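Here is the structure we will look at, set down as structure tokens.
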Amino acid sequence: MLHSKLIHPKSIVVVGGSDNIHSPGGRVLKNLIDHKFKGRLFVVNPRQDVVQGVISYNNINDIPEVDLAIIAISAKYVVEAVMVLAQQKNTKGFIIFSAGFSEKDEYGAKLEEEIVGLIDEAGGNLLGPNNIGLINKHYTGVFTTPVPKLDESGVDFVSGSGATAVFIIEAAQRMGLRFSSIYTVGNSAQIGVEEILEYLDQSFKKDISSKVKLLYIESIKNPLKFLKHTTSLIRKGCKIAAIKAGSSEAGNRAASSHTGAIANSDVFIDTLFKKAGIIRCYGRNELINVAGILLQKESKGKNIAIITHAGGPAVMLTDVLSKNGLKVPPLEGKDHDVLLDQLFDGSSVSNPIDFLATGNAEQLEAILEHCENKCPEIDAMAVIFGSPGLIGVDDVYEVLDKKIKTSKKPIYAILPSVVNVKNEIQEFIKKANIAFDDEVLFGSALAKVYNHTSISDGTKNAEFKSLQKTRQLIDALPNGYMPTESAVTLLEYAGVKFATPYYVKNREELENVLQTVKYPLVLKVEGPLHKSDVGGVILNIASDTELKNSFHKLMQIEGANSVIIQPMLKGMELFIGAKKEANYPHVILCGLGGIFVEVLKDVSAAMIPVSHEDALKMVNDLKAYPILKGVRGQSGINIEFFAETIVNISNLLIMVPEIAELDLNPLMANENDVTAVDVRIRLEK
């Protein structure tokens with residue numbers, strides 16, 4: 001939990017405060033003064049006794065005890081200042097604007113580490129270094145502009161980048177997006193996005209706290225903590241949208257398995273967000289458009305009425321909605337003819353509802369009331385209204401304002417005339433409205449929000465009957481790839497079916513196997529990592545002679561130490577894989593198997609634990625799902641068994657976190673069975 005003196009200080013010192021409001025120390029002091037910080041305010045400046053009307057101390061040793069220090073001095077002087085504040089002045093909150101720490105070089109990283117150590121020892125909190133600060137209802141501790149007027153019904157915004165935060169604030173203000181609080185974490189030396197989320201979660205009050213959280217993330221150091229608090233906030237009724245910039249902290253590495261090649265760092269972020277229930281965005285404009293939608297009434301369905309006096313934008317919005325699974329249903333019948341009679345000749349009410357360039361406020365109000373009261377098939381309305389600049393349109397925006405506030409259905413205002421009616425739009429925004437300015441960006445964001453699936457109610461505790469035997473097996477093995485025989489045994493413990501294997505090292509063992517096998521068979525070399533690349537797989541062995549010749553051929557391959565003999569199963573080839581990266585939970589992937597895994601890359605991914613419901617959704621999300629169900633007379637597979645196998649692997653990963661990579665490729669599936677025929681498991685203890 002963040003220290004109360006960081007969140008709600010009764011006294012603040014600006015170390016490096018000055019009269020120069022174009023410097024960080026000068027601007028933050030001005031922001032604190034202009035936005036009426038109610039506590040005691042001090043400055044440390046070696047050359048002045050008064051700065052911007054505030055008492056200034058020439059030496060930091062002379063200041064009284066102070067709750068929060070905002071530090072804007074050269075990096076090389078910060079350690080000494082923090083030492084005095086933490087050890088002598090009972091300071092518990094620190095915001096360090098200064099750059100030149102871990103983001104710069106090794107020396108800077110050592111300074112940063114020393115600073116964190118001093119603050120930890122004092123039981124305090126550090127935001128930064130290399131950030132722009134924070135804004136909450138208690139104080140405006142940033143050195144940037146603009147400073148938005150806070151509104152408890154606005155969004156909480158947490159950013160890993162100060163510059164990005166400024167750009168988002170600027171764009172958000174232009175469209176009317178309101179903020180409840182803003183935090184920037186900079187280098188996240190002590191407090192990262194996870195700790196801010198923890199604070200927002202633990203301090204959440206249902207009737208007061210913001211219900212929408214926006215995140216711009218550059219690093220997630222503790223994914224489990226991140227998952228815990230985002231999930232908790234969403235269960236409390238919040239909605240979270242986030243951008244994750246860059247790859248995960250572990251970076252990409254050369255992978256030796258199909259799973260390793262497919263499950264790159266971005267897959268971990270994607271599955272983490274899905275697990276939490278976060279709407280993932282990929283750019284600033286998308287993020288604020290999504291936020292603008294989340295701040296408005298929630299729609300009960302995906303049927304949208306588009307109301308416009310400009311045909312082109314309506315067509316583009318219809319296209320983007322339709323392509324993304326939303327509907328613009330036609331409006332037909334006598335009730336709609338009544339509406340048409342209230343509009344000018346040439347208007348259309350078929351949806352999009354086009355009331356022409358000459359349409360007026362009275363007609364717009366009639367259309368909105370009609371869609372709300374006479375159109376049960378309509379769930380939400382999007383109004384596109386601009387102006388050629390010939391006449392004022394204040395009355396139109398007054399109607400929009402009134403209907404947005406009173407309608408039971410959400411109404412979204414898309415106002416593209418940002419020059420011709422700039423002043424009117426600003427007045428509309430001042431009334432706590434959101435004005436979207438691009439119909440395609442809006443449509444894409446709307447689809448993203450409406451298609452977003454909520455987090456599941458959770459998964460049952462993993463049932464694993466062979467835990468003791470499993471642990472004994474794993475504990476006895478070294479790091480690296482498990483011997484196939486051990487890997488098959490592990491799958492057996494996990495409840496995963498595997499085609500009966502015979503392990504043969506020499507001709508004598510082969511003669512013994514000949515007495516029990518039934519043809520056709522498949523032979524696979526053991527030893528080389530990628531069997532197919534060295535010709536290490538021979539299919540459809542139909543006789544003893546073929547079996548002996550094929551065995552001899554495979555044993556000649558460089559690195560071969562044995563041959564696996566299995567029954568040749570028929571069916572559709574599937575794939576299940578899993579991967580662990582850094583301190584993220586395992587990710588499981590599934591899809592078509594064999595060569596299709598890396599060629600088509602049609603895979604679904606989820607983070608463990610995976611419930612049966614989650615597994616079914618993974619399978620359903622595959623583009624190949626119609627093939628799995630069966631198409632054009634071709635038999636499908638038993639999808640329930642496929643999902644059950646995914647869940648069994650999820651349970652295995654929970655019991656054996658040492659598994660770094662797992663490949664079941666292929667599994668052979670038909671209407672009655674799903675059986676693995678090849679396995680590769682790498683341990684990393």
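Since every read-out is calculated from the coordinates, none of them should be taken as a lab result. Remember, predicted model here, so these are calculated numbers, not experimental data. So basically every Cβ, Gly included, is an ideal-geometry build from the backbone, and we count neighbours across all protein chains shown.
Structural remarks
- Shape call, the range 148-294: gyration tensor on alpha carbons, a/c limit 1.5: prolate
- With Cα atoms, 0 to 90° folded angle of helix 311-323 axis to the chain main axis: 30 degrees
- Estimated inter-spin distance, residue 539 and residue 35, nm [label 7 Å along Cα→Cβ]: 6.6 nm
- Backbone phi angles across the range 646-663, fed through the Karplus curve with coefficients 6.51, -1.76 and 1.60 (θ = phi - 60°), yield HN-Hα couplings of 4, 5, 4, 5, 4, 4, 4, 5, 5, 7, 10, x, 6, 5, 8, 9, 9, 10 Hz in residue order; Gly and Pro are listed as x.
- DSSP bridge orientation in the chain - percent antiparallel, rounded to nearest 5: 50 percent
- Relative to its Kirkwood radius, the Cα radius of gyration of the range 106-152 gives an Rg/Rh of 1.11.
- Average 1/r across all pairs of distinct alpha carbons in the range 4-130, invert it, and you get the Kirkwood radius: 14.4 Å.
- Charge tally around residue 545: other residues with Cβ under 14 Å, Lys/Arg +1 each, Asp/Glu -1 each, net 0.
- Judged by the mean number of other Cβ atoms found within 10 Å, the most tightly packed of the peptides 557-567, 470-480, 66-76 leads the ranking 66-76, 557-567, 470-480.
- Temperature 4 °C, viscosity 1.567 mPa s: under these conditions the Stokes-Einstein estimate for the range 500-568, based on its Kirkwood radius over C-alpha pairs, is 111 µm² per second.
- For the range 551-586 and the range 621-654, distance of Cα centres in Å: 20 Å
- The ellipsoid equivalent to the alpha-carbon distribution of the range 304-451 has semi-axes of 21, 19, 15 angstrom, derived from the gyration tensor eigenvalues as √(5λ) and listed largest first.
- Dimensionless Rg/Rh of the chain - Kirkwood Rh, Rg from C-alpha atoms: 1.07
- HN-Hα J in Hz across the range 617-628 - Karplus 6.51, -1.76, 1.60, θ = phi - 60°, x for Gly and Pro: 5, 4, 5, 5, 6, 5, 5, 7, 3, x, 5, 5
- With at most 15 neighbouring Cβ atoms within 10 Å, loop chymotrypsin sites (Phe, Trp or Tyr not before Pro) (DSSP) excluded, longest segment of the chain: 345-685
- Using the Karplus relation 6.51 cos²θ - 1.76 cosθ + 1.60 with θ = phi - 60°, the per-residue 3J(HN,Hα) values for the range 281-286 come to 10, 10, x, 4, 5, 5 Hz, with x marking Gly and Pro.
- Near residue 353, the amide H atoms lying under 5 Å from its own belong to 306, 307, 308; only residues 5 or more places off or on other chains count, and H is placed 1.01 Å from N.
- Net charge, residue 333 excluded, C-beta distance under 15 Å - Lys, Arg +1, Asp, Glu -1: -3
- Summarising the amide proton neighbourhood of residue 159: residues at separation of 5 or more, or on other chains, whose placed amide H is nearer than 5 Å comprise 183, 184, 185, 216.
- Long-range amide H partners of residue 179 with built H, under 5 Å: 151, 155
- Mean residue ellipticity at 222 nm, helices only, the chain: -11000 deg cm²/dmol; runs of at least 4 DSSP H residues each add -39,500 (n - 2.57), and the sum is divided by the number of residues.
- Charge tally for residue 178 (other residues, Cβ to Cβ under 10 Å; Lys, Arg +1; Asp, Glu -1): -1.
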